[in-house]
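Peer 1: Please find one structure pasted underneath; my questions will follow.
The values are calculated or read from the model by the stated rules, or taken from the named source; none is laboratory data. This structure is a prediction, so every number in the text was calculated from the model and none was measured. FYI the Cβ positions are ideal-geometry reconstructions off the backbone, even for glycines, and counts take in every protein chain you see. Ligands, DNA and RNA are excluded from the accessible area calculation, which covers all protein heavy atoms including side chains. Shrake-Rupley method; radii C 1.70, N 1.55, O 1.52, S 1.80 Å.
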Amino acid sequence: MQYEVVLPAAGSGKRMGAGQNKLFLKLLKKPILIHTLEVFQQDPFCTGIWLAVKPEERIYIQELLDEYRITKVKGLPDGGAERQHSVHSCMKEMQQVDIVLVHDAARPFITHDIIANLVQSAHDFGAAIAGVRAKDTMKKVRNGVIEETVDRDSLWMIQTPQAFRFDLIVEAEDVAEKVGFLGTDEAMLVERLGHTVHIVESSYENVKMTTQEDLLFGEAILRKRALQLNE
Ligand code: CTP
Ligand code: MG
């Protein structure tokens, strides 16, 4: 089933501490941004990519798209101060499609299988997000003291992609903008409308490149996948 994807790429990567947008850092000689873009470039069901960028980085990003032959990008609108604004700025430029995916440009290890499951679930139910089960014991802490141990069976760590029927995410974003609500993911905006959001079990490899040690995990994942390809 076909879809278009929105990739917010207009952050500054403060926690990475690299003094530049972390998406330009390389994993095995290729920028993180390109690793992510190639997943969608190579997915036959992806019919368009929308990339929110910082205006001052647009030319460099366009050069990268040419160099790595990323041909599916339909627009590179200006990102905003917050991630949600960057996503919204892409949505405003998009034409009507059936299913739209929102995916952090900083998560380069997402697979076609998980994407396909998300798209199918969004088609069936309206909204579906990727997540993995919490592995550690989870406790609620207040002022340095344990308040309670939370039942781990019901806890999921949420990732992107998050997939939606186009009309639903457009409505959710419009309402959020109108009332000035800022969520930490797109699903929150849809939840606010009272709409159910389904979860699709994802992979622990779908990590977000956030701090320096994530780059080590990232290269290890790439090396493992290269070995699997050569087996
Ligand atoms: N992002 C964006 N616009 C913003 C903030 C973030 O498009 N105003 C994008 C980032 O480029 C990234 C994704 O949203 O691909 C997830 O955000 P995050 O991992 O927090 O990246 P940064 O905001 O760049 O990093 P930091 O929070 O450490 O500064
Ligand atoms: Mg951020």
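Peer 1: If the chain between Phe181 and Glu213 were fully stretched, how many nm would it gain, using 0.36 nm times the residue separation less the Cα-Cα distance?
Peer 2: Here the answer is 8.3 nm.
Peer 1: May I pose another question? Of all DSSP beta bridges in the chain, what percent run antiparallel (nearest 5)?
Peer 2: Roughly 50 percent of the DSSP beta bridges within the chain come out antiparallel.
Peer 1: Treating only the Cβ atoms of Lys and Arg (+1) and Asp and Glu (-1) as charged, compute the dipole magnitude of the chain about its Cα centre; round to the nearest 20 debye.
Peer 2: 720
Peer 1: Compute the length gained on full extension between Gln228 and Arg58: take 0.36 nm times their separation in residues and subtract their Cα-Cα distance, giving the result in nm to one decimal.
Peer 2: This chain segment gains 57.7 nm when fully extended.
Peer 1: Among Phe164, Phe40, Phe217, determine the one that fluctuates most according to a GNM of the chain built with springs between C-alpha atoms less than 10 Å apart.
Peer 2: Among Phe164, Phe40, Phe217, the largest GNM mean-square fluctuation belongs to Phe217.
Peer 1: Check each of the trypsin sites (Lys or Arg not before Pro) in region 32-77 and keep only those in coil by DSSP with at most 15 other C-beta atoms within 10 angstrom; list them in order.
Peer 2: Arg69
Peer 1: Give me the 1.4 Å probe accessible area per residue for the chain, excluding ligands and nucleic acids, in Å².
Peer 2: Here the per-residue accessible area is 53 Å².
Peer 1: Carbon and sulfur atoms: what percent of the 1.4 Å accessible area of the chain do they account for?
Peer 2: 51
Peer 1: In a GNM of the chain with a 10 Å cut-off on Cα contacts, which of Met188, Met94, Met157 has the highest mean-square fluctuation?
Peer 2: It is Met157.
Peer 1: Which one, Gly194, Phe45, Ala10, is farthest towards the positive end of the dipole of the chain when Lys and Arg carry +1 and Asp and Glu -1 on their Cβ?
Peer 2: Checked the options; the winner is Ala10.
Peer 1: Now a separate question. Residues of region 57-85 with backbone nitrogen within less than 18 Å of a virtual label 7 Å along the Cα-to-Cβ line of Leu193, please, listed as ranges.
Peer 2: Output list for this probe position: 84-85.
Peer 1: Round to the nearest 0.05 the FRET efficiency obtained for Asp124 and Leu28 when R0 = 30 Å and r is the Cβ-Cβ distance.
Peer 2: Taking R0 as 30 Å, the efficiency between Asp124 and Leu28 is 0.25.
Peer 1: Something else about it: Multiplying the sequence separation of Thr149 and Ala220 by 0.36 nm and subtracting their Cα-Cα distance, what value in nm do you get?
Peer 2: Value of the extension gain: 22.3 nm.
Peer 1: Treat each spin label as a single point 7 Å out from the Cα along the C-beta direction, and report the Asp167 to Ala81 distance in nm.
Peer 2: A separation of 3.4 nm, rounded to one decimal place.
Peer 1: Related question: Summing -39500 (n - 2.57) over the DSSP H runs of n ≥ 4 in the chain and dividing by its residue number, what mean residue ellipticity at 222 nm do you reach, to the nearest 500 deg cm²/dmol?
Peer 2: Value at 222 nm, helices only: -11500 deg cm²/dmol.
Peer 1: Putting +1 on Lys and Arg Cβ atoms and -1 on Asp and Glu Cβ atoms, find which of Gly131, Gly19, Asn230 reaches farthest to the positive end of the dipole of the chain.
Peer 2: After comparing all options, I get Gly19.
Peer 1: Please report, in debye to the nearest 20, how large the charge dipole of region 174-231 is about its Cα centre when each Lys and Arg carries +1 at its beta carbon and each Asp and Glu carries -1 there.
Peer 2: Charge dipole of region 174-231: 80 debye, to the nearest 20.
Peer 1: Based only on Cα atoms, what Rg/Rh ratio does region 3-230 have, Rh being taken as Kirkwood's radius?
Peer 2: Reported Rg/Rh (Cα atoms, Kirkwood Rh): 0.96.
Peer 1: Now for a separate question. Running a GNM on the chain with Cα contacts under 10 Å, which residue among Tyr68, Tyr60, Tyr204 ends up with the highest mean-square fluctuation?
Peer 2: In the Gaussian network model the winner is Tyr60.
Peer 1: A further question on this structure: Any chance you could look up the accessible area of Ile221 with a 1.4 Å probe, heavy atoms only, rounded to 10 Å²?
Peer 2: Solvent-accessible area, nearest 10 Å²: 20 Å².
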